[in-house]
Amino acid sequence: AMLPEPTIEFYDLHPSMGDIRADVIAALSSSPKVLSPKYFYDQRGSQLFDQICELPEYYVTRTEIGLLEQHGEEIAGLIGKNAILLELGSGSSIKIRTLLNALKPKAYVALDISKEHLINAATLLAEDFDWLDVHAVCVDFSTPWQLPIPLEGKRTAFFPGSSIGNFTPDEAARILTQLGHLIGKGGDLLIGIDLKKDVSTLESAYNDAQGITAAFNKNLLSRLNRELDANFDLGAFHHESIWNDAESRIEMHLFSDTEQIVSVDGELFRFRAGESIHTENSYKYTVTDFSDLAASAGFKSVKVWLDDNQLFSIHLLRF
Ligand code: AVI
């Protein structure tokens with residue numbers, strides 16, 4: 001007999017391509033030129049990001065998963081069962097697997113900007129956890145949004161991977177405040193935060209030897225070529241990640257190797273030789289700095305877990 005297909009509830013709150021065009025053209029018109037890292041995550045970009053997570057230099061993912069495995073029972077004990085569990089930037093939904101059996105949530109809502117990847121990951125999860133009520137929402141949570149599903153119960157948000165580090169501290173505070181309203185008074189937020197550390201470890205993690213991070217960064221230009229009818233010459237730009245100590249962040253850039261003019265949907269952009277497009281920030285925090293930021297958004301710290309090498313932290317916060 002055929003097994004029933006696992007089903008997920010899917011909702012699309014993603015902005016239109018028209019909005020993306022206006023945003024990209026404004027970003028490339030600014031000085032210095034920038035592009036939002038949220039555009040990394042098309043199908044190919046999400047696959048490349050999954051490869052980054054396996055790189056020897058990229059300690060982030062394996063350290064966080066190690067912490068979740070080591071402290072999962074304690075975390076689940078502090079959060080309690082039967083919550084509505086919302087995961088922000090769920091990607092391939094790998095990390096949540098380490099918590100589901102201990103947490104036994106009433107429902108799981110995966111939220112991500114990458115639509116096909118989100119639907120695939122949520123469907124695989126629903127297959128493996130047949131007792132779980134799985135929802136998926138395609139959303140850009142850098143802009144105001146609301147949960148399109150009426151789910152009753154205590155809400156817990158899971159925001160892994162230090163993804164909040166891709167926003168400036170001001171934006172991060174705004175997103176945390178919004179998350180507080182989403183989970184409500186007494187709701188929990190379990191969030192992964194990458195820690196400040198020596199420059200060589202950080203720069204290696206974002207300039208890996210195999211060039212996967214470079215391919216991930218350049219895929220942004222391929223995407224604009226494909227989806228916005230741009231004509232970036234991928235061979236005429238190179239990737240580099242640099243630690244900015246004053247801002248406590250890793251910056252990813254694409255540097256133009258020559259003087260050149262690029263067209264994006266009919267708009268022309270001039271590049272000087274050596275001029276960069278700043279494509280991503282990845283802020284690194286100390287435990288205290290992040291606790292203070294969370295406190296400014298109305299969260300109290302319940303507990304913080306660190307690995308032995310103090311590379312990464314997981315904070316349990318209560319709103
Ligand atoms: C998703 N985000 C937390 C990653 C980071 O480490 O900032 C994105 C990334 N960029 C380059 N490598 C990984």
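Derivation of every value follows stated rules applied to the coordinates shown; laboratory data play no part. These figures come from a predicted structure and were not determined experimentally. Every residue, glycine among them, receives a Cβ derived from its backbone with ideal geometry; neighbour counts consider all protein chains shown.
Observations, loosely collected:
- Whole-Hz ³J(HN,Hα) from phi, Karplus 6.51 cos²θ - 1.76 cosθ + 1.60, for segment 26-38, glycine and proline x: 5, 5, 7, 7, 7, 10, x, 5, 9, 9, 6, x, 5
- Karplus-derived HN-Hα couplings along segment 219-230 (A = 6.51, B = -1.76, C = 1.60, θ = phi - 60°), whole Hz, x at Gly and Pro: 4, 4, 5, 4, 5, 5, 4, 6, 8, 10, 6, 9
- When exposed loop sites are taken as trypsin sites (Lys or Arg not before Pro) in a DSSP loop with at most 13 other Cβ atoms within 10 Å, the longest stretch of the chain clear of them is 82-184.
- In this structure the amide hydrogen of Glu280, modeled in the peptide plane, comes within under 5 Å of the amide hydrogens of Met252, none closer than 5 places in sequence on its chain.
- With contacts taken as Cα pairs under 8 Å and at least 6 residues apart, the chain reaches a relative contact order of 21 percent.
- Beta bridge orientation in the chain: antiparallel %, DSSP, nearest 5: 60 percent
- Once the Cα atoms are used to define both axes, helix 287-296 deviates from the longest principal axis of the chain by about 80 degrees.
- The H on the amide N of Phe10, modeled in the peptide plane, is under 5 Å from the matching H of Ala136, each at least 5 residues off or on a different chain.
- Across segment 145-214, C-alpha contacts under 8 Å between residues 6 or more apart give a mean separation that, scaled by the residue count, equals a relative contact order of 40 percent.
- Once the gyration tensor of the Cα atoms in the chain is diagonalised, the equivalent ellipsoid follows with semi-axes of 33, 23, 18 Å, ordered largest first.
- Counted over all Cα-Cα pairs of segment 143-193, pairs farther apart than 16 Å make up 44 percent.
- Vicinal HN-Hα couplings computed from phi for segment 231-238 (Karplus, 6.51 cos²θ - 1.76 cosθ + 1.60; Hz; Gly/Pro x): 10, 4, 8, 5, x, 9, 10, 10
- Cα centroids of segment 104-142 and segment 205-266: 30 Å apart.
- Our compactness index for segment 117-248, the C-alpha radius of gyration over the empirical 2.2 N^0.38 Å, is 1.33.
- Given charges at beta-carbon only (K, R positive; D, E negative), |dipole| of segment 46-134 in Debye: 280 debye
- Estimated [θ] at 222 nm from DSSP helical runs (n ≥ 4, -39500 (n - 2.57)) normalised by residues in the chain, nearest 500: -11000 deg cm²/dmol
- Inter-label distance for His238 and Asn101, nm, one decimal - labels placed 7 Å from Cα along Cα-to-Cβ: 4.8 nm
- Calculated over segment 226-319, the projected area of the Cα convex hull averaged across directions stands at 9.4 nm².
- Summarising the amide proton neighbourhood of Ala157: residues at separation of 5 or more, or on other chains, whose placed amide H is nearer than 5 Å comprise Leu86, Asp188, Leu189, Leu190.
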